[in-house]
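Comments concern the structure below.
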Amino acid sequence: MQKRLDGWPSGLPWDLTRCHLLVMMAGMLEQLRRRLRELCDIDAISGDERPMLRALRDILAGQVDEFTVDVAGNAFAVKRGPQPGPTVLIAAHTDEIGLMVKSIEPGGFVRFEKIGGVIDNLLPARAVRVRGVNGVIGVKAGHYQTEQERTQGRKASELYIDLGCSSAAEVRALGVDIGDPVAFISPLLEIGGQGHLVAGKAVDNRLGCAVLLELAMGRPPSGTLVLAFTAQEEVGLKGARLAAERYRPDLALALDTMPTGDTPDMHEHRDLNVRLGAGPALQVMAGPGGRANLLHPS
């Protein structure tokens, strides 16, 4: 059986073509995974996306026709095709959820506020990083906890970060101060040895950013491609609003991660009709309770 694919000789047997495609796809997957790991290692909490902007500027140097950053912290990489055509904007947000230093106690312990959708029950004993300084969210030793403390979670307002300091002066000597972003320490892990399943902090949405960087390495056949790396998505889609107004594209796409409905604590039909490994999902309605963002039918 013969099958012609663009870029392959018409006489190439389909089995051989498929083999080449699988090898090529495996290489692309490995490249994407390396890029994702590189981006996830960067700490860029909502409101301070500067570390990601610096990395994007360096990676995209010489790869795009234009690279700019606006006052909101959005980065725009523009590629123009050799022929006129539509303006297509594809966006992915650069920020991640985390914490912010709220106050520093005289004894050196750091109180914090949440930034984005941080779950209180997942905070105790989490490893964190503040301005490059490692710490841990403190928790009472298990054998001193009451039965109620062992079985019930604590609110974020009751918790603190231990940076190993015995005074506020020691904390400030490390370069840590009020308003500093706090990132979770959670390196990218491959799950189950399958390679294409990963877990770690900031996968939402460094995965989308990694895809945009792959798009930047090619040239659009016609028109203008705008790659928008948006800021402060985790606290209200603030950067994306400005991005859409700036370029007025003919078509805009937002790349992001989403939950899956095929786990024991979710129901694929009742909660979310998305399955892990079933391919990309196109949201026709995003948001609960009927107050959603609705995709135009066309």
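The values are calculated or read from the model by the stated rules, or taken from the named source; none is laboratory data. Note that the structure is predicted; figures quoted are calculated from it, not measured. Note: ideal-geometry Cβ built from the backbone for every residue, glycine included; neighbour counts use all protein chains shown. When the accessible area is computed, the model is the full protein with side chains, heavy atoms only, and any ligands, DNA or RNA have been set aside. Shrake-Rupley method; radii C 1.70, N 1.55, O 1.52, S 1.80 Å.
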(message) Which condition from (1) modelled with pLDDT under 90; (2) open to solvent by 20 Å² or more (accessible area, probe 1.4 Å); (3) over 27 Å from L89 (Cα atoms) is the one that G195 breaks?
(response) (2)
(message) Can you find a residue that is of a type outside the set (F, W, Y), over 18 Å from the mean Cα position of the chain (by Cα) and either exposed (fewer than 12 other Cβ atoms within 10 Å of the Cβ) or at pLDDT 95 or above (or both) anywhere in the stretch 198-215?
(response) no
(message) Testing A252 on (1) surrounded by 18 or more Cβ atoms within 10 Å (Cβ to Cβ); (2) assigned to a strand (DSSP E or B), one condition comes back false. Which one is that?
(response) (1)
(message) List the residue pairs whose Cβ atoms are under 9 Å apart, where the first residue sits in the stretch 36-62 and is touching a residue at least 40 places away in the same chain (Cβ under 8 Å) and among the aliphatic types (A, V, I, L, M), the second is assigned to a helix (DSSP H, G or I) and open to solvent by 80 Å² or more (accessible area, probe 1.4 Å), and the two are 6 or more positions apart or on different chains.
(response) I42/R54; A44/R50; I59/E38
(message) Which residue is most open to solvent (accessible area, probe 1.4 Å), if the candidates are limited to the stretch 216-247 and must be free of Cβ contacts under 8 Å to residues at least 40 places away in the same chain and part of a helix (DSSP H, G or I)?
(response) R241
(request) Might you let me know whether the stretch 139-150 holds any residue that is at pLDDT 95 or above and either loosely packed, with under 14 Cβ neighbours inside 10 Å or of a type in the set (A, V, I, L, M, F, W, C) (or both)? (result) no
(request) Only residues that are open to solvent by 60 Å² or more (accessible area, probe 1.4 Å) and either of a type in the set (G, A, S) or more than 26 Å from L227 (Cα to Cα) (or both): list them for the stretch 255-275, please. (result) D262, P264, D265, M266, H267, H269, R270, D271, N273, R275
(request) Filter the stretch 106-138 for residues that are at positive phi and surrounded by 12 or more Cβ atoms within 10 Å (Cβ to Cβ) and give the result. (result) G108, G116, R131
(message) I'd like to verify a number: residues in the stretch 114-159 that are charged (D, E, K, R), touching a helix residue (DSSP H, G or I) at 6+ places or on another chain (Cβ under 8 Å) and within 11 Å of V182 (Cβ to Cβ), how many?
(response) 1
(request) Could you pull out the residue among V118, V136 that is without any contact (Cβ under 8 Å) to a residue 40 or more places away in the chain, within 25 Å of the chain's Cα centre (by Cα) and closer than 20 Å to V235 by Cβ? (result) V118
(request) Report yes if some residue within the stretch 163-180 is under 14 Å from D43 (Cβ atoms), under 21 Å from the mean Cα position of the chain (by Cα), surrounded by 14 or more Cβ atoms within 10 Å (Cβ to Cβ) and among the acidic types (D, E); otherwise report no. (result) yes
(message) I'm told G62 meets every condition in (1) within 23 Å of V171 (Cα to Cα); (2) in a loop (DSSP other than H, G, I, E, B); (3) of a type outside the set (A, V, I, L, M, F, W, C); (4) open to solvent by 40 Å² or more (accessible area, probe 1.4 Å) except one. Can you identify the failing condition by its number?
(response) (1)
(message) Of the conditions (1) touching a Gly at 6+ places or on another chain (Cβ under 9 Å); (2) free of Cβ contacts under 8 Å to residues at least 12 places away in the same chain, A278 satisfies every one except a single condition; which number is it?
(response) (1)
(request) Filter the stretch 88-105 down to residues that are within 13 Å of E49 (Cβ to Cβ) and open to solvent by less than 40 Å² (accessible area, probe 1.4 Å) and give me whichever is farthest from the chain's Cα centre (by Cα). (result) G98
(request) Go through the stretch 70-87 and give me each residue that's within 21 Å of G98 (Cβ to Cβ) and either open to solvent by 20 Å² or more (accessible area, probe 1.4 Å) or of a type in the set (S, T, N, Q) (or both). (result) A72, N74
